[in-house]
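Engineer: Provided herewith is a single structure, encoded as structure tokens, for subsequent inquiry.
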Amino acid sequence: MEVLNTIEHFSTEFPWLIKIGKYLLWMAGVFILIKLIRTYLIKKLPDVGVRYKSQKGIEILGYILMVLVTISFFSGSIKDFGLAIGLLTAGITITLQELILSIAGSFFIYLSKVYKPGDRIEMNGIKGDVIDVDSIYTTMMEIGEWVNSDNYSGRIVKISNAFVFKGAVYNYSQNFPFVWDEFTLPIRYQSDIELAKKIISEVATEHLSEYALQAKEEWKTMVHKFYIENAEINPSLAIKLTDNWVEISLRYIVDYKKRRFTKSLLNDEIRKRVQATEGKVEFASATYELVSIPVVNVKNEKVQTHLKNSR
């Protein structure tokens, strides 16, 4: 009996504490419910894509439900509700502004489709393939750093979703999954330049024609969707005369995931065909010509004095 009286007295003296306790119990219940539903979906949905999207949807519904519970507990009257929301907003703005910006960023990413899992992006100076987007972070498999070109470094990177509002996001695969690449070959002036151009063009046509056909179709969609002009899709050559050699640059379009492999393949095939010309085409290298060596007159006063004395 005394315990009941104590509880009744406590609830009378500190009603706000009882209300907060109920609120915390409701929030814990919502959290547990969301956790159970996500666990159930993991077990019952075999498709990875459907499972991933359904879990993200349940997570967003959980946040909405938590907001509704919060409003229902702190909206006893319009006046109390306005005061509670004002105090809550001020506190959150000061202490959790980065967290709020990250959550807002996650909604922005989903609604505007800035990127999605599977895309290759560069954000905040970090490049990689997106493997997960949750309510706070974007998780990427890093590319580059101490590893050359577009190979994985092996590091998993988590970046706050807030960065979508703070800088540029480079997407390599959205809308147009191709990139332009180029390399330059130095050819000696004594070489058959026309033959060199023919070799490079033939190799490019043989290995890049499939990419060019696919890219043309994708670019048509880009032209209809965005305010953009037609671009040169087929491989093209550019010639530049330097003091030491003729530079032949090959510019071409390639799948963004096969850039390094394709460049290596093209260079190796061109090397083989140039060697097969038996000297008609030769690669150039940096050389230095010494025209003359100035006469150096070294005078040593001690030696000259010694010679004079010996005489």
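Engineer: Return the sequence-ordered ³J(HN,Hα) values of the range 206-220 in whole Hz as given by the Karplus equation 6.51 cos²θ - 1.76 cosθ + 1.60 applied to θ = phi - 60°, using x for Gly and Pro.
Structural biologist: 5, 9, 10, 4, 5, 4, 5, 5, 5, 5, 4, 5, 5, 5, 4
Engineer: For the range 108-258, how big is Rg over Rh, using alpha carbon atoms and the Kirkwood form of Rh?
Structural biologist: For the range 108-258, the value is 1.07.
Engineer: Related question: Scan around LYS127 for amide H atoms under 5 Å from its own, H built in the peptide plane at 1.01 Å from N, and keep only partners 5 or more places away or cross-chain.
Structural biologist: Residues meeting the amide H criterion: ILE143.
Engineer: Would you please put 164-170, 183-189 in order of how densely packed they are, using the mean number of other Cβ atoms within 10 angstrom per residue and starting with the highest?
Structural biologist: Taking the mean over residues of other Cβ atoms within 10 Å, the ranking is 183-189, 164-170.
Engineer: 7 Å from Cα along Cα→Cβ at both LYS198 and PHE107: what's the point-to-point distance in nm?
Structural biologist: 6.5 nm
Engineer: So what's the range 205-275 giving for Cα Rg divided by 2.2 N^0.38 Å, two decimals?
Structural biologist: Against the empirical 2.2 N^0.38 Å value, I get 1.35 for the range 205-275.
Engineer: Less than 11 Å Cβ to Cβ from ARG155, Lys/Arg counted +1 and Asp/Glu -1: what total charge do the surrounding residues give?
Structural biologist: Once all neighbours under 11 Å are counted, the net charge is -1.
Engineer: Which of the peptides 235-244, 152-161, 61-70 is most tightly packed, and how do the rest follow, going by the mean number of other Cβ atoms within 10 Å of each residue?
Structural biologist: 152-161, 61-70, 235-244
Engineer: By how many nm would the segment from THR277 to LEU213 lengthen if fully extended, with 0.36 nm per residue of separation less the alpha-carbon distance?
Structural biologist: Value of the extension gain: 20.0 nm.
Engineer: Could you do me a favour and compute the accessible area per residue for the range 171-277, 1.4 Å probe, result in Å²?
Structural biologist: 61 Å²
The values are calculated or read from the model by the stated rules, or taken from the named source; none is laboratory data. Fair warning: this is a prediction, and the values are worked out from it, not measured in the lab. All Cβ positions, even for glycine, are placed from backbone atoms using ideal geometry, and neighbour counts span all protein chains on display. Note: areas computed on protein heavy atoms with side chains; ligands, DNA, RNA excluded. Shrake-Rupley method; radii C 1.70, N 1.55, O 1.52, S 1.80 Å.
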